[in-house]
Amino acid sequence: MEKTRKYYQELVAVKKDYNVMLKNFISAFTFGGGLAILGQLIFDLYHKLLHINPTDSALYMTLTMVSLSGILTAFGIYDKLGQIGKCGLAIPITGFANASVSSAMEYHKEGIVLGIGSNTLKLAGSVIVLGTVSALLVASIRYVIEVLL
């Protein structure tokens, strides 16, 4: 029993390295912020330089960011950046695109339908399901509150 407790304490001690945690937080903040700045620059390019309305500019910016993420994933660059940028690159929609493209690349040898088609959203499927369920739950709560008030 004591041996197990000591082993656990050693494992936890490694995870409590606050210098590493701070470095990871700063890295995620920096890369996530850089990604947001890039998105804003792309939005401004579409909106101000190409004179596209804000709604369409936001759509085109999202499509551009997802496409860039997919291309960088295909060349192996996004994964290397993700090791440095941590959650700053994994959480935004570019991380979703990275997960989808990675799955497609992993299963491409099984063919278009059974490989790419059935596995593209394998990693990201849970995000879609949980996001949809969460949206329905929040919308239902909001609807009930509006009806009661």
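What the table below lists for this structure:
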| quantity | calculated |
| --- | --- |
| In sequence order, calculated HN-Hα J values of segment 68-82 (Karplus, 6.51, -1.76, 1.60; Hz; x Gly/Pro) | 4, 4, x, 5, 5, 5, 4, 8, x, 7, 4, 5, 5, 5, x |
| K80/E146 FRET efficiency (R0 41 Å; Cβ-Cβ; nearest 0.05) | 0.30 |
| Whole-number accessible area per residue in Å² for segment 17-63, which is evaluated in the context of all protein chains at 1.4 Å | 74 Å² |
| Solvent-accessible area, 1.4 Å probe, carbon plus sulfur percent, for the chain | 72 percent |
| Hz values of 3J(HN,Hα) by residue in segment 17-28 - Karplus curve (6.51, -1.76, 1.60), Gly and Pro given as x | 6, 5, 5, 5, 4, 4, 4, 5, 4, 5, 4, 5 |
| 5 angstrom amide H check on I52, placed H, neighbours 5+ away | H47 |
| Assigned charges on the beta-carbon of Lys, Arg, Asp, Glu; segment 22-146 dipole about Cα centre (debye) | 260 debye |
| Taking the convex hull of Cα positions in the chain, its mean projected area over all directions (nm²) | 16.1 nm² |
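The values are calculated or read from the model by the stated rules, or taken from the named source; none is laboratory data. Since this is a predicted model, take the numbers as computed values, not measurements. Please note: Cβ atoms are built from the backbone with ideal geometry, for glycine as well, and neighbour counts cover all protein chains shown. Each accessible area value is taken on the protein alone, full model and side chains, heavy atoms only, with ligands, DNA and RNA left out. Shrake-Rupley method; radii C 1.70, N 1.55, O 1.52, S 1.80 Å.
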